[in-house]
1. Return a yes/no flag: does the range 193-201 have any residue that is touching a residue at least 60 places away in the same chain (Cβ under 8 Å) and open to solvent by less than 50 Å² (accessible area, probe 1.4 Å).
2. Being charged (D, E, K, R) and crowded, with 20+ Cβ neighbours inside 10 Å, is that true of even one residue in the range 170-189?
3. Could you check, for the range 17-36, whether at least one of its residues is modelled with pLDDT of 85 or more, under 30 Å from Val182 (Cα atoms) and out of contact with any strand residue (DSSP E or B) (no Cβ under 7 Å at 6 or more places or on another chain)?
4. Going by what's in this entry, would Asn119 be described as in contact (Cβ under 8 Å) with a residue 24 or more places away in the chain, open to solvent by 90 Å² or more (accessible area, probe 1.4 Å) and not hydrophobic (A, V, I, L, M, F, W, C)?
5. Within the range 246-262, work out how many residues are touching a residue at least 60 places away in the same chain (Cβ under 8 Å) and either open to solvent by 30 Å² or more (accessible area, probe 1.4 Å) or among the acidic types (Asp, Glu) (or both).
6. Counting only residues that are among the small types (Gly, Ala, Ser) and more than 20 Å from Thr243 (Cα to Cα), give me the helices (runs of 4 or more DSSP H) lying completely in the range 126-230 with at least 1 of them.
7. Please go through the range 220-264 and give me each residue that is over 20 Å from Ser176 (Cα atoms) and of a type in the set (A, V, I, L, M, F, W, C), ordered by number.
8. For the range 246-284, which residues satisfy the criterion of being of a type in the set (A, V, I, L, M) and within 17 Å of the chain's Cα centre (by Cα)?
Amino acid sequence: STIFGHLVISIALNLQKYSHIRLAGSKDPRAYFKTKTWWCGLFLLVLGELGVFSSYAFAPLSLIVPLSAVSVIASAIIGIIFIKEKWKPKDFLRRYVLSFVGCGLAIIGTYLLITFGPNSHEKMTGENITRHLVSWPFLLYMLLEIIVFCLLLYFYKEKNANYIVVILLLVALLGSMTVVTVKAVAGMIVVSIQGNLQLDYPIFYIMLVCMIATAVFQATFLAQASQLYDSSQIASIGYILSTTIAITAGATFYLDFTGEDVLHICMFALGCLIAFLGVFLITRNRKKSVPFEPYISMDAMPGMQNVHDKGIAVQPDLKASFSYGALENNDNMPEIYTPATLPIVQEQHGSRGVSAPPYRVLEHSKKE
C-alpha cells in the first residue's frame, strides 16, 4: 500500500506539472484547474495520499517512512521517459548516468528495508496510544526534541541563520511528530471501522489537532526553504534528515525494534544508508535553475565589450545620477555609445514664476 501510494503520488504530480507546462507553451486561455489533465492528477494525488495514510495503520512507522524513496525513483524514471529533447546514446548515458546509478541504489536500499524492516505491530487503541504517550522514553525524547527545536528556531529567527540544514531540521522535527500522530489517527480509525469504536477517546482528537498543526508549520518552513535553496538540495537533504528523525521517533514511541535481532537492525540501517545515497545521486543530477540578474547585461548592447568573460557580473553604478550600468571614462569607445545621463539638479524658478524641470537631458553629438 505504501509503495503503491508513493507511485501514484509521483504520477499525479508529474501529470499536474505537465498540465502547467502545456498551458504555458500554448495560446490556450484556460486556467490550469479547467483542464482534464490537472483534475486527473489531483484525483490520483488524493488516491495516493489515502493509500499512504491507510498504510500507517497496518505497518510499523519505521518501515513506512523510508519507503518515500519510491516517489523519488518514480519521478526520475518518469522525467527520463517524457523528456522532449533528442539525445545521442553516448550523450544520454553521460547526462543520466547519475540518475541510473541513484535509481539502482535506491531500489537496493528499498529491498533491504522491506526485507529486514521491523515486523512488530500492535492495534492502535486509545489505551495503547495513551500508554506510549506517557512512557518515560518518549517523554525524554520529546523534551530533547523541544529543546533542539527551540534552539534552532531561535538561531533561525533571531540570528538569521538561514542555512538549509537549520530549516530542514525544523521541518524534520515537525515531520517526526506528524508521522507519529498520523499513525495514531489512522490506526484508531481502522480499529473503529473494524467494530471497536475509538473515536470517543480524547487522545484521538489530541493526535488529530497535533497532526494538522505540525503539518501546517512543516509546510510553512518548506515554503521558506524553497525560496532560498534549490529544490534538488531540499529533496535530498530533507529526505535524509526527515527519515532519520522519523525512524528515531517511531522507535521511541511505538517501540518498533522491540524483539528484533542485531543482524536485522544493522541490515535495516544499511538499507537506509544505501537509499540515502541513491536519492542524493538522483537529485544531484537535476538541472539547476539559472538565477535572474536584476540588472541590464552590458553584453546585450551592440558595440559593448563583454563584461561576463570571467563569470563576474558588473553591477550598475548608482551614484548621483540616473545612469544605469554606464562605463565611465572609456576613451576607447565612440562617444555615440556613451549613455545619456540625467543628473539631479535643484529646482529653479524663472522670472515669470514658471518652475524649470527637475532634470535636463545632456545630448551628445557625434564628433566628425
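The values are calculated or read from the model by the stated rules, or taken from the named source; none is laboratory data. Just so it is clear, the model here is predicted, and its values are computed rather than measured. Cβ atoms come from the backbone with ideal geometry, glycine included; neighbour counts cover every protein chain shown. Side chains are part of the model used for accessible areas, which takes the heavy atoms of the whole protein and leaves out ligands, DNA and RNA. Shrake-Rupley method; radii C 1.70, N 1.55, O 1.52, S 1.80 Å.
1. Taking every residue of the range 193-201 in turn, at least one turns out to be touching a residue at least 60 places away in the same chain (Cβ under 8 Å) and open to solvent by less than 50 Å² (accessible area, probe 1.4 Å).
2. So far as the range 170-189 goes, yes, one or more of its residues are charged (D, E, K, R) and crowded, with 20+ Cβ neighbours inside 10 Å.
3. For the range 17-36, residues modelled with pLDDT of 85 or more, under 30 Å from Val182 (Cα atoms) and out of contact with any strand residue (DSSP E or B) (no Cβ under 7 Å at 6 or more places or on another chain): absent.
4. So Asn119 passes the test.
5. So the answer is 8.
6. 126-133, 164-193
7. Answer for the range 220-264, where residues must be over 20 Å from Ser176 (Cα atoms) and of a type in the set (A, V, I, L, M, F, W, C): Leu228, Val262, Leu263.
8. Val279, Leu281, Ile282 - these are the residues of the range 246-284 that are of a type in the set (A, V, I, L, M) and within 17 Å of the chain's Cα centre (by Cα).
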